[in-house]
Amino acid sequence: MPLFRWFVLACTVCVLSAGFALAQQVCKACDDTGLVACPVCAKQRCTNQRELTFCSLARCKSCGGTQRSECKCSVAPKEDLAAKLAALDAWRTKFPAEVAEFMGREVAVAEAPHFVLVWDVPKVDHKRGATLHAALHLYLDRLEEFHARFAADVGANDKDFSAKTVAMVWAREADQEKASPKWTLQPSNTESKLMGRAPVFSVFYDKGHMHEEYELHQALVHQATHCLLSNVWNGVWSGNIKGGWVDEGLAHWYENALFDGVRHYCYVEADTLVDFKFGKWEATVRRALDAGKLPSIFAFTSLNTTEMTPEQRMFAWALVDFCLRGPTPRYGAFAKAAKEKRPFGEAVQAISGSSALEFERAWHEWLAANYSSEPKAR
Ligand SMILES: [Zn+2]
Ligand SMILES: [Zn+2]
Ligand SMILES: [Zn+2]
Ligand SMILES: [Zn+2]
């Protein structure tokens, strides 16, 4: 190759690599987003680890609560801070203002893609819960995490839900008594919920009853299960149209799967739930199977939630377990059928293509292969 051509080639490479280097150059302060964290409110920043839409505790005279400011560099901001601030101000005048007005004082509210959390507990015993603000974000993150799990398990996506679920957590019994009839339409001094198209639940964090911090988390998971399940697809709660097994069975399934046992029974006195620790249900169901004492599948699949005995709830849990973890995951299809008021036998035929008796046999075989008669230690 003639020398001249070498020269041209070398120059081209130089120019290209210089251009590439230029394109690679980033503003270290803002990572080329044009936005940096607001330095004024650095110490009170929201500690969410999952997506957050709004937080009523994000207030700062400098940034107005957006918690960001424009970088000094020349990069155009990737997000419109003025629009974000206007949206935050508008949001404050709606639900947070309604709560403050009714309760007679400001109460912290934060919103994420699937939940709105009203939080009044000064702190919780968790490394991310040392202040009211931090605890609020810990619990909103947990609710969002649960939503993702729930949606995957039932086979739903965002457009299958008609509204965000509102969750309220109170540190004082009097506040639960005041808030529950207003937002859940059900007076209660413990836990209450409104299911359907715009679900709400309200919980009093009674430390005399919930000794460990995770018990509050568990209570929220139980109530969130009912709310999400009632809302998904059609806004119909299956618990009072003979579909209690998919409703309470699933709430207990999450208690067993995510915590160390079942602590919550809806509408049943609290003292009937002592003694149900993790692993016991599995062993109890297995022993009933071995002794030929499992009830007919029809005995507990056409009852309302309130009609189910503690034992029937346990068998409902075991059937939900089969529908979620068995060879063909089909819990979502059964939940949908129950919410559409389809009789259980008809639903089995449509979903599994077999008779209820064949389905029951397959359930028994799965229980025999997967459940141990010895309680698990955890
Ligand atoms: Zn910058
Ligand atoms: Zn700020
Ligand atoms: Zn916050
Ligand atoms: Zn329940």
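The values are calculated or read from the model by the stated rules, or taken from the named source; none is laboratory data. It should be emphasised that the depicted structure is a prediction, and the values quoted were computed from it without experimental measurement. Cβ atoms come from the backbone with ideal geometry, glycine included; neighbour counts cover every protein chain shown.
Exactly one residue out of 124, 116 is crowded, with 19+ Cβ neighbours inside 10 Å, of a type in the set (Val, Ile, Thr) and under 18 Å from the mean Cα position of the chain (by Cα), and it is 116.
Which of the residues that make up region 147-173 are closer than 25 Å to residue 94 by Cβ and either at pLDDT below 95 or part of a helix (DSSP H, G or I) (or both)? Hits for region 147-173 are 147, 158, 159, 160.
Residues in region 282-297 that are closer than 21 Å to residue 359 by Cβ and either polar (S, T, N, Q) or surrounded by 15 or more Cβ atoms within 10 Å (Cβ to Cβ) (or both) were compared, and the one that is modelled with the lowest pLDDT is 282. Screening residue 144 with (1) surrounded by fewer than 16 Cβ atoms within 10 Å (Cβ to Cβ); (2) in a helix (DSSP H, G or I) gives one miss only, at (1).
Quick check, is residue 36 among the hydrophobic types (A, V, I, L, M, F, W, C), away from ligand 1 (no atom under 16 Å from the Cβ) and touching a Lys or Arg at 6+ places or on another chain (Cβ under 8 Å)? No.
More than 23 Å from residue 103 (Cα to Cα), assigned to a helix (DSSP H, G or I) and away from ligand 4 (no atom under 16 Å from the Cβ) - does that describe any residue in region 177-196? No; the residues of region 177-196 include none that is more than 23 Å from residue 103 (Cα to Cα), assigned to a helix (DSSP H, G or I) and away from ligand 4 (no atom under 16 Å from the Cβ). In region 44-85, the residue that is farthest from ligand 2 (Cβ to nearest atom) out of those that are within 28 Å of the chain's Cα centre (by Cα) and part of a helix (DSSP H, G or I) is 84.
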